[in-house]
Ligand SMILES: Cc1cc2nc3c(=O)[nH]c(=O)nc-3n(C[C@H](O)[C@H](O)[C@H](O)COP(=O)(O)OP(=O)(O)OC[C@H]3O[C@@H](n4cnc5c(N)ncnc54)[C@H](O)[C@@H]3O)c2cc1C
């Protein structure tokens, strides 16, 4: 040990052990082509290789691995949604996170510390009661707590007694948690490539060749690839990529911004979010306080940040925890999110028989990285959509069977 | 601070405005099938490029239109809604 330390400490050629092999040459054809090397695409690749024995898989990533929304998200993991279909799906997602470090043999630092959502009005309390009852019915740990309960869970909160934003109660979700986003993506990438999946970075899909109702090939900056099945999992570019295949998704793109403070000693032991302030906070394992909020107020394909939004987030954070006022911001960023009209994803079939969708993940898709990958892999391997995904079909808009999760999503993702 | 030039109130901080999304043609309420209604309700313009969209100046509650680039965020021009009717 000491000898190795000395030897490599003094030499320039330390043997780098990369988890993910360098991008190989493209083959002319693959059984499955996955477009998008974010968490979702990589998770699907892992599940195809490990559980369905499908190894002729190429993941095509236009930039670097997991540099899209996977790298930009604030890592809220939870299942306290409002529709039974939504809760059933996200519950499976949380359960997969509970075992994910073992599954990947990679520490994803899943920390199930619970999520506290705050109510400042009776109307919000009513919606919390509904979510708690739905959650209990579906077997998740979700309950309404009163002021005393909020104070016990998060003693440092400014309750604003008698003030205009008095906290009158909360929704406590003991299943909620957080994990390290990069580790999730790299863990899936390492596992998938160990089983033969090829990961092609800097490989951008620029078009599709379709004959009748089938995709024959995808066209990339590195050449044409014939494909058996194709999955679109391109995050903020889902509308754009699907349109290349002639599929117009009910998606609008909005930037979503976030920021972190300088590292502080551990003081925030739950995830906290406020519906009225459109602000949520979580302390990372490095001590930084991650602060996020609602989407930008108008459509845009850009990852620029705005001072307006940063002021808004800072205002919310300082209102909830006034002692944060002197704390410095370390970083701030944005991602382009693919928003659906009902705040639920679009998963399953497309109008083309071998083109599958894992889209519309908007501001809430990190928590679904394991479950969406697992269920989309099953869909592709079996050629049919499993029951748990059926409610998320693209056709739900035409039949007016929306899955409205707006109230359970907008403030905390 | 980004400015938006309101046809009635002149250049103001974009914070004073609310976006109502891209303009879409109104379907004929009598002769439209469910499928087209769903398109009208749920699919708004989202191509990378220039959109014409509704905005409201909140303090004066004045609705108008803007042409904006969805990638660069450049506001190309703003105009009164009557011009849209004249164009149609
Ligand atoms: C600021 C912010 C905070 C968020 N907070 C949360 C949260 O707390 N909890 C939560 O659950 N979710 C959250 N989300 C949402 C979450 O990040 C996403 O839903 C999720 O990461 C989507 O994963 P993905 O793999 O589908 O997409 P991505 O990670 O975006 O990956 C898609 C990949 O496709 C690539 N790509 C695009 N076009 C092409 C092309 N033509 N060819 C090849 N490759 C292409 C991109 O480069 C990208 O790497 C947040 C998002 C943002 C922006």
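Here are the numbers:
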{"read-out": "Only one of A:241, A:247 that is surrounded by fewer than 24 Cβ atoms within 10 Å (Cβ to Cβ) and within 14 Å of another protein chain (Cβ to nearest Cβ)", "value": "A:247"}
{"read-out": "Residue match in region A:148-161 (condition: touching a strand residue (DSSP E or B) at 6+ places or on another chain (Cβ under 9 Å), away from the ligand (no atom under 16 Å from the Cβ) and either within 14 Å of chain B (Cβ to nearest Cβ) or not in a helix (DSSP H, G or I) (or both))", "value": "yes"}
{"read-out": "Options A:369, A:409, A:363; residue that is more than 12 Å from chain B (Cβ to nearest Cβ), within 11 Å of the ligand (Cβ to nearest atom), surrounded by fewer than 22 Cβ atoms within 10 Å (Cβ to Cβ) and under 15 Å from the mean Cα position of the chain (by Cα)", "value": "A:409"}
{"read-out": "Qualifying residue in region A:163-175 (condition: within 16 Å of the ligand (Cβ to nearest atom) and either in a helix (DSSP H, G or I) or farther than 27 Å from residue A:109 by Cα (or both))", "value": "no"}
{"read-out": "Test result for residue A:322, within 14 Å of chain B (Cβ to nearest Cβ) and surrounded by fewer than 21 Cβ atoms within 10 Å (Cβ to Cβ)", "value": "no"}
{"read-out": "Tally, over region A:338-354, of residues that are more than 14 Å from every other protein chain (Cβ to nearest Cβ) and within 14 Å of the ligand (Cβ to nearest atom)", "value": "2"}
{"read-out": "Test: residue in region A:301-312 that is within 16 Å of the ligand (Cβ to nearest atom), closer than 17 Å to residue B:43 by Cα and not assigned by TED's automatic domain parsing to the domain that holds residue A:41", "value": "yes"}
{"read-out": "Any pair with Cβ under 8 angstrom, 6 or more apart, that starts in region A:41-54 at a residue that is farther than 24 Å from residue A:238 by Cβ and ends at one that is not in a helix (DSSP H, G or I)", "value": "A:50/A:195"}
{"read-out": "Counted residues, region A:121-147 - those being surrounded by fewer than 16 Cβ atoms within 10 Å (Cβ to Cβ) and not in a loop (DSSP other than H, G, I, E, B)", "value": "9"}
{"read-out": "Residue selected from region A:392-406 under the condition assigned to a helix (DSSP H, G or I) and within 19 Å of the chain's Cα centre (by Cα), by the criterion nearest to residue A:250 (Cα to Cα)", "value": "A:392"}
{"read-out": "Residue match in region A:274-297 (condition: away from the ligand (no atom under 13 Å from the Cβ), surrounded by fewer than 23 Cβ atoms within 10 Å (Cβ to Cβ) and within 14 Å of another protein chain (Cβ to nearest Cβ))", "value": "yes"}
{"read-out": "Selection count where residues are within 11 Å of the ligand (Cβ to nearest atom) and touching a strand residue (DSSP E or B) at 6+ places or on another chain (Cβ under 6 Å), scope region A:314-337", "value": "5"}
{"read-out": "Given (1) over 24 Å from residue A:39 (Cβ atoms); (2) within 14 Å of chain B (Cβ to nearest Cβ), number of the condition residue A:300 does not satisfy", "value": "(1)"}
{"read-out": "Only one of A:63, A:88, A:123 that is out of contact with any strand residue (DSSP E or B) (no Cβ under 8 Å at 6 or more places or on another chain) and more than 24 Å from residue A:404 (Cβ to Cβ)", "value": "A:63"}
{"read-out": "Tabulated pairs, region A:201-216, first within 14 Å of chain B (Cβ to nearest Cβ), second part of a loop (DSSP other than H, G, I, E, B) and within 14 Å of the ligand (Cβ to nearest atom), C-beta under 8 angstrom, 6+ apart or interchain", "value": "A:206/A:221"}
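Yes or no, residue by residue, for (1) in the same structural domain as residue A:280 (by TED's automatic domain parsing); (2) over 15 Å from the mean Cα position of the chain (by Cα); (3) under 25 Å from residue A:344 (Cα atoms):
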residue	(1), (2), (3)
A:11	no, yes, no
A:35	no, yes, yes
A:39	no, no, yes
A:45	no, yes, yes
A:51	no, yes, no
A:54	no, yes, no
A:64	no, yes, no
A:96	no, no, yes
A:101	no, yes, no
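The values are calculated or read from the model by the stated rules, or taken from the named source; none is laboratory data. As the structure is a prediction and not an experimental result, all values here were calculated from the model. Neighbour counts run over all protein chains shown; Cβ positions are idealised from the backbone, glycine included.
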